[in-house]
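The values are calculated or read from the model by the stated rules, or taken from the named source; none is laboratory data. Because the structure is predicted, anything quoted here is derived from the model rather than measured. Cβ: placed from backbone, ideal geometry, glycine included. Neighbour counts: every protein chain shown.
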Amino acid sequence: MTTPNKMIFESDFLSRPKYNSKILETYGFNLLTQVGLEEEKARVVAKTLIEGDLLGHDTHGLALLAPYMKELESGSMNKSGTYEIINKMPATQVWDGKRLPGPWLIFTAMDELFQLAKTYGVASISIRKSHHIACLAVYLRHAAENGFLMLLASSDAQSASVAPYGGTKAVFTPNPIAMGFPCSSGSVLIDISASITTNGMTGRKANAKEVFDENWLIDANGDLTNDPSVLSQNPPGTILPIGGTTYGHKGYGLALMVEALTGGLAGFGRADPKQGWGATAHITLYDPEAFGSNIDFLRQMDEVAKQCIENPPRSGVSSVRLPGHQGLKKREFQLLNGVRLHPTIKSLLESYSNKFQIPFPESFS
């Protein structure tokens, strides 16, 4: 086990209150079932959110529970039922998610794809009308640990906070795209978005009346700013694509790729009437054995990983890391030593804890 002082965690990470992950998971499950979510779905959603926190994605972990509860109470997230298969070919499917919880839909689709990818080498499912799918890295880890390379993309046609490169009016959501694959030194989990930052982080900083260290947004006139509150101004500003005002054509290109993979292939997106906060998702699993073989895949990727990890670091950098490895170290550490929850999360859930008389778990020292 790596000791904390040998890890490169955020400066405030170890000082945060810590909680038992299983107790947090039970707390989430109990709240979700109190508003009527079916037990199987509640169990998957609660576990997925805690896994997000374990991996260090604390804007896409338990921080999502309060808004999910609100969506369930309003009926915008459906509490029961199942998806509908819209189109089905041997190795591809399109589902209507019926606005059911995104984590349940993604894990259900992955169970189907594990079998299809073993049969056909590559298999894909596109899901329209899903609700929000939480932290993408959680699914990547599951796929990689089962020996698959996974491509996952998500967009939300119901909202927009990112302008196309050169523009000032939002068209896209941050449009995350992710890939995970096995590697002998630890699974590689690439979870990025086409924008410089996420809606979750922007909202957290705006609520705390904080600003970003750099100018990651523009106001409605197109002027650079580090103030996240511009998203809520009238007219609103937008988050910049990856590359900012200089090389933002790269993030713009990624955003278009995600739109094609999600709304385009699922047949539901920005050309359709809005239905509320949700997601259109695309999942593809590759079985390396159907290509050059599992052995050769690991041989190649292990060599690439070795050349990255052993690369001489530039000044101010302790070492070169592979994407996802810091998150996996955090997960290992937090499973043994407690989940370091962001201090805002408890207050976000206070009203639901009081309403259903389900106390927020006690932290421990």
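Figure legend. Inter-residue proximity from region 100-127: first residues at positive phi and in the same structural domain as residue 156 (by TED's automatic domain parsing), second residues among the aromatic types (Phe, Trp, Tyr) and crowded, with 19+ Cβ neighbours inside 10 Å, beta-carbon distance below 9 Å, spacing 6+ or different chains. Indicated pairs: 121/286.
Each row is one residue, and each column tells you yes or no for (1) of a type in the set (S, T, N, Q); (2) surrounded by fewer than 13 Cβ atoms within 10 Å (Cβ to Cβ); (3) in contact with a strand residue (DSSP E or B) (Cβ under 9 Å, 6 or more places away or on another chain); (4) outside the structural domain of residue 53 (by TED's automatic domain parsing).
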{"residue": "295", "(1), (2), (3), (4)": "no, yes, no, yes"}
{"residue": "302", "(1), (2), (3), (4)": "no, no, no, yes"}
{"residue": "317", "(1), (2), (3), (4)": "no, yes, no, yes"}
{"residue": "329", "(1), (2), (3), (4)": "no, no, no, no"}
{"residue": "338", "(1), (2), (3), (4)": "no, no, yes, no"}
{"residue": "341", "(1), (2), (3), (4)": "no, no, yes, no"}
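Among the residues making up region 170-195, a single one is surrounded by fewer than 24 Cβ atoms within 10 Å (Cβ to Cβ) and under 11 Å from residue 252 (Cα atoms): 171. Summed over region 228-247, residues that are of a type in the set (Gly, Ala, Ser) and either buried (at least 24 other Cβ atoms within 10 Å of the Cβ) or in contact with a Gly (Cβ under 7 Å, 6 or more places away or on another chain) (or both) total 2. Inspect all residues belonging to region 120-128 and state whether any of them is part of a helix (DSSP H, G or I) and modelled with pLDDT of 95 or more. Yes, region 120-128 has at least one match. Could you say whether any residue in region 60-71 is aromatic (Phe, Trp, Tyr) and in the same structural domain as residue 158 (by TED's automatic domain parsing)? Within region 60-71, not a single residue is aromatic (Phe, Trp, Tyr) and in the same structural domain as residue 158 (by TED's automatic domain parsing). Here is a check on your reading of the model: is residue 66 aliphatic (A, V, I, L, M) and surrounded by fewer than 22 Cβ atoms within 10 Å (Cβ to Cβ)? Answer is yes for this residue.
Checking each residue in region 27-44 for being in a helix (DSSP H, G or I) and in contact (Cβ under 8 Å) with a residue 60 or more places away in the chain picks out 27, 30, 31, 34, 40, 41, 44.
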